[in-house]
Amino acid sequence: MDTKKKGFFRYENGMVIILTLVFGFVMFDRFALTNLAPFVNPELGLNNSQFGFIMSAFAFAWAISGFIGCLTSDLRRQKKKFLAVFVLLFSICSLATGFAVGFISLLLIRIVMGLFEGPVLPLNQSFMLVQSTPSRRGFNMGVMTTSGVGLISSLLGPIIVVALATAIGWRATFFLTIIPGLILVFLILKYLIEPDMESFASTSAPEQKEKVKFTDVLKNRNVIVTCIYSIFIIGWYVTMLSFSPLFLTEVKGLSPTHMSFIMSALGAGAILWGMVVPSLSDRFGRKPIIIIFSIITLFAPLGLLFTPASSPLLMALCCFIGWCGAGIFPVFEAAVPTESVNPKFASSAVATVQLAGELIGAVGFVAIAGILADAFGLSAVMWLCAGLMVVGFFVAFGIYETAPLVLERRKAKLGATAK
């Protein structure tokens, strides 16, 4: 791809589109199983505890490999080839999901798949960091991690996989997932340019040669608080996506088709809120926006609980509003940690927050949700999700403000008062 082109067809836009498709497909594959759970679980004889354990094991593999991938990303000189290989391997695992014959085989396939999907985001971020125009770096990251995922995984994903499963079966649906994977591998190898990490490092921070120490990151209050907060919001996010399809079909009695449209409302919400929430946090502050939208997320689980099955549109609206939580992710997971520590520790801060959320929140609470569902019914899962965000709401009060514009206004106000 010609890096000298101007306008829409310049390399940067192509890079953003390709990496957005890559990460969107990662999340599409990750949660395809949850959208197909009403088809898969009865055939394989899975109960809610087993299904929750499969999703937890996947999250554990994702968290460990993603954390290692983030820390070692700068050591890889052939990021493009590594990215292509990981995309190919997790696509093969997605196809292999269609061959599962029971709990153990499905568990092993999804664990291996999680190991291959975990490093994709750190590799994507390396391209974004180096090859984005500085003024567009945050925007590009937001498009890739939130809006793109909302469109591909959450909005289109449920509708596509449920329609295919209804027409040709869930196994054939997983077999077909190899096709977009192969297309993405081709696009990566054909169009992406290897990021020059050494040149970027020398121009962005030539004076910083010290080795990154985790103790410096872990001593920071905002890193500690966002790690705790991530446990609850990521637990809410993954648990909602994992069990909502089952709740809608088994408790509310909706058809898989109606379920898929309600789930797609989450994707529509992610697209909108993924742009709105970070922008509001730039203007009004990270802390107040995280606090306010943490409470608004309650619309999703409580809306599903209390809205009658005869009002699927109202359920979809509640999900759309409540999925504002997806827009909080770029704020607490990237903006707050990176603005709170020395720039040379930024990647480690982000990796630490992500690890805490995935390893404790996604792994622990999804497993707990499965156990609760078997013991008390799937409605208990919705109450768990609501409780997680109530706790997250209170945790968010421990964050101290980092938004540059807000801090500048405070400084100017103090200066005016002093005069």
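The values are calculated or read from the model by the stated rules, or taken from the named source; none is laboratory data. Remember, it's a predicted structure, so these values are computed and weren't measured experimentally. Note that we place each Cβ from the backbone using ideal geometry, even for glycine, and neighbour counts take in every protein chain shown.
Counted as qualifying within region 132-193 are the helices (runs of 4 or more DSSP H) with 1 or more residues that are out of contact with any Ser or Thr (no Cβ under 6 Å at 6 or more places or on another chain) and of a type in the set (Lys, Arg), namely 137-142, 170-176, 178-191. In this structure, is residue 129 assigned to a helix (DSSP H, G or I), modelled with pLDDT under 80, crowded, with 18+ Cβ neighbours inside 10 Å and not small (Gly, Ala, Ser)? Here the answer is yes, as residue 129 does meet what is asked. The residues on offer are 64, 54, and the sole one that is among the aliphatic types (A, V, I, L, M) and buried (at least 24 other Cβ atoms within 10 Å of the Cβ) is 54.
Screening the candidates 198, 207 for the property of being in a loop (DSSP other than H, G, I, E, B), of a type outside the set (Lys, Arg) and either in contact with a strand residue (DSSP E or B) (Cβ under 6 Å, 6 or more places away or on another chain) or modelled with pLDDT under 95 (or both) yields one hit, 207.
Given the conditions (1) surrounded by 23 or more Cβ atoms within 10 Å (Cβ to Cβ); (2) under 28 Å from residue 49 (Cα atoms), and given that residue 328 satisfies all but one, which numbered condition is not satisfied? Of the numbered conditions (1) surrounded by 23 or more Cβ atoms within 10 Å (Cβ to Cβ); (2) under 28 Å from residue 49 (Cα atoms), the odd one out for residue 328 is (2).
Considering every residue within region 97-104, establish whether at least one is surrounded by 17 or more Cβ atoms within 10 Å (Cβ to Cβ), in a helix (DSSP H, G or I) and touching a residue at least 40 places away in the same chain (Cβ under 8 Å).
Looking for residues that are surrounded by 17 or more Cβ atoms within 10 Å (Cβ to Cβ), in a helix (DSSP H, G or I) and touching a residue at least 40 places away in the same chain (Cβ under 8 Å), one finds at least one in region 97-104, hence yes.
Scanning region 76-96 for residues that are outside any loop (DSSP other than H, G, I, E, B) and charged (D, E, K, R) yields 79, 80, 81.
It is to be established whether one or more residues within region 71-78 are within 23 Å of the chain's Cα centre (by Cα), of a type in the set (A, V, I, L, M, F, W, C), at pLDDT below 95 and surrounded by fewer than 22 Cβ atoms within 10 Å (Cβ to Cβ). Within region 71-78, one or more residues are within 23 Å of the chain's Cα centre (by Cα), of a type in the set (A, V, I, L, M, F, W, C), at pLDDT below 95 and surrounded by fewer than 22 Cβ atoms within 10 Å (Cβ to Cβ). In this structure, is residue 109 more than 13 Å from residue 29 (Cα to Cα), modelled with pLDDT of 95 or more and surrounded by 19 or more Cβ atoms within 10 Å (Cβ to Cβ)? It is false that residue 109 is more than 13 Å from residue 29 (Cα to Cα), modelled with pLDDT of 95 or more and surrounded by 19 or more Cβ atoms within 10 Å (Cβ to Cβ).
Do any helices (runs of 4 or more DSSP H) entirely within region 238-342 hold 2 or more residues that are more than 26 Å from residue 58 (Cβ to Cβ) and basic (Lys, Arg), and if so, which?
Values: elements: 256-284, 286-296, 299-306, 312-322, 325-330, 336-340.
So the answer is 286-296.
When you scan region 167-183, do you find a residue that is among the charged types (D, E, K, R) and free of Cβ contacts under 8 Å to residues at least 40 places away in the same chain, even just one? The answer is no; no qualifying residue exists. Look at (1) without any contact (Cβ under 8 Å) to a residue 40 or more places away in the chain; (2) closer than 23 Å to residue 283 by Cβ and you find that residue 331 fails only one, number (1). Looking across region 351-375, the residues that are surrounded by fewer than 24 Cβ atoms within 10 Å (Cβ to Cβ) and in contact with a Ser or Thr (Cβ under 8 Å, 6 or more places away or on another chain) come down to 356, 364, 367, 371, 374. For first residues located in region 286-301 and surrounded by fewer than 24 Cβ atoms within 10 Å (Cβ to Cβ), partners that are of a type in the set (Asp, Glu) and lie 6+ apart or on another chain with Cβ distances below 6 Å form the pairs 287/401. In summary, residue 42 fulfils each of the numbered conditions (1) touching a Phe, Trp or Tyr at 6+ places or on another chain (Cβ under 6 Å); (2) surrounded by fewer than 18 Cβ atoms within 10 Å (Cβ to Cβ) with the single exception of condition (1).
For residue 230, state whether it is at pLDDT 95 or above and either of a type in the set (Ser, Thr, Tyr) or closer than 14 Å to residue 333 by Cβ (or both).
Values: at pLDDT 95 or above: yes; either of a type in the set (Ser, Thr, Tyr) or closer than 14 Å to residue 333 by Cβ (or both): yes.
So residue 230 fits the description; yes.
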